[in-house]
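Engineer: This structure is in structure tokens; I'll ask about it shortly.
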Amino acid sequence: MSTSPAISVLMPVYNAEEFVAETMDSILAQTFRDFEFICINDGSKDGSLAVMQKYADRDSRVKIISRPNTGLVPALNEGLAASRGKYVARIDSDDLSAPERFDLQFTRMEAEPELVALGSNANAMDEYGNLLGSYDNPLTHEAIEKAHLLGMSSIHHPAVMFRPDAVRRVGGYRKETWPCEDYDLWMRLGEVGRLANLPQRLLTKRLMSSSIVATTLDRQEAKQLLVLTETWKRRNLPGEPKLPRRELNSQGDMFRQWGWMALKAGHLKTSRRYAIKTLKAQPFKSTSWKLLACAIRGR
């Protein structure tokens, strides 16, 4: 590996002992080998640090920064400041990267200097490792920007590779926009370069029933509107921004979404499991019974 690696992998970690080893295995199994792996232990109270230290002891590419908890955004900015690579690749501590991810992203970034951020499509699994289905994002800069201005974040944060000089130039991650700090960054990066997604599903994203999406919907919506409003002002766009209709209002809604996703992908056992969870959460909704009936029929 060269003195300055081609890629710096950035992974903030907070209480991820259950999943972080699997995530690290997926990164260290990359076919592209020239990277440093920066793990920010954000004051974990479980055994996450001990798990990461075992990897650092046997692989010199693993670099651990451990300090008291400050939250995701400061951890991301600290990792960004420590990165030495030409590119930065993000990963969350409970997600998985396909082995060819870095190879494909590095090749595309090298070929297109105007690209400042490159994501990919993704698979989804639940917290138990059961596949749910897939997420397909727009692929071109123009389509991504259109979706972003409609309030739909269209780059998976844990799948992205970006140019750190561009991210630093636009001010890095902003704490005041959390939990939409990635959406905010894509908006600002789209003003200094081009965005894209690869069509391959290079990320398997773990969806948690206790996730931010499931528990802080009002805050997320408020920050989403803040990002849009600031973007409208920076770009001098006509009219006023509008948020898309909220699809998730409760954990029951989330279970129903996962059940339909699993059914569409042919994961019948998982679909039935979430149909039952949906019915228990929302027994008086006809949509709960509809999902259960379709999951039992298998279509």
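Nothing in this text is a laboratory measurement; each read-out follows from the coordinates by a stated rule. For clarity, every value in this text was computed on a predicted model and none was experimentally measured. Note: ideal-geometry Cβ built from the backbone for every residue, glycine included; neighbour counts use all protein chains shown.
Engineer: Projecting each Cα onto the charge dipole of the range 7-235 (Lys/Arg +1, Asp/Glu -1 at the beta carbon, about the Cα centre), which of A81, A56, A124 comes out farthest on the positive side?
Structural biologist: Checked the options; the winner is A81.
Engineer: Still on this model: What is the dipole size for the range 140-299, taken about its Cα centre, with +1 at each Lys and Arg Cβ and -1 at each Asp and Glu Cβ, in debye to the nearest 20?
Structural biologist: Charge dipole of the range 140-299: 800 debye, to the nearest 20.
Engineer: Further question on the same structure: Which value, in debye to the nearest 20, describes the size of the charge dipole of the chain about its Cα centre when Lys and Arg Cβ atoms bear +1, Asp and Glu Cβ atoms bear -1, and nothing else is charged?
Structural biologist: Here the size comes out at about 940 debye.
Engineer: Return the label of the correct value of percent of Cα pairs over 35 Å apart, as calculated from the structure shown, out of [x] 32; [y] 20; [z] 9.
Structural biologist: [y]
Engineer: State the dimensionless ratio Rg/Rh of the range 1-88 (Rg: radius of gyration of Cα atoms; Rh: Kirkwood radius).
Structural biologist: 0.94
Engineer: Could you pull out the GluC sites (Glu not before Pro) across the range 201-299 that fall in loop regions by DSSP (anything but H, G, I, E, B) with no more than 16 other Cβ atoms inside 10 Å?
Structural biologist: Here the sparse-neighbourhood loop sites are E247.
Engineer: A follow-up question, please. Within the range 75-170, which trypsin sites (Lys or Arg not before Pro) sit in a loop by DSSP and count at most 16 neighbouring Cβ atoms inside 10 Å?
Structural biologist: Answer by residue number: R84.
Engineer: Over the chain, what relative contact order in percent results from Cα pairs under 8 Å that are six or more residues apart?
Structural biologist: Once divided by the residue count of the chain, the mean separation gives 17 percent.
Engineer: Of E112, E191, E176, which has the largest mean-square fluctuation in a 10 Å C-alpha GNM of the chain?
Structural biologist: Largest GNM mean-square fluctuation: E112.
Engineer: At q = 0.25 Å⁻¹, work out log10 I(q)/I(0) for the range 251-297 with the Debye formula, treating every Cα as an identical point scatterer and leaving solvent out; two decimals please.
Structural biologist: Log-scaled intensity ratios, in q order: -0.73.
Engineer: Which of the GluC sites (Glu not before Pro) across the range 1-92 are loop residues per DSSP, with 14 or fewer other Cβ within 10 Å?
Structural biologist: E18
Engineer: Would you mind checking the pairs K63/K223; K86/K175; K264/K285; K146/K264 and listing those with alpha carbons more than 29 angstrom apart?
Structural biologist: From K63/K223; K86/K175; K264/K285; K146/K264, over 29 Å: K63/K223.
Engineer: Related question: Return I40, I65 ranked ascending by Cβ neighbour count within 10 Å, so the fewest neighbours appear first.
Structural biologist: Listing I40, I65 from fewest to most nearby Cβ atoms yields I65, I40.
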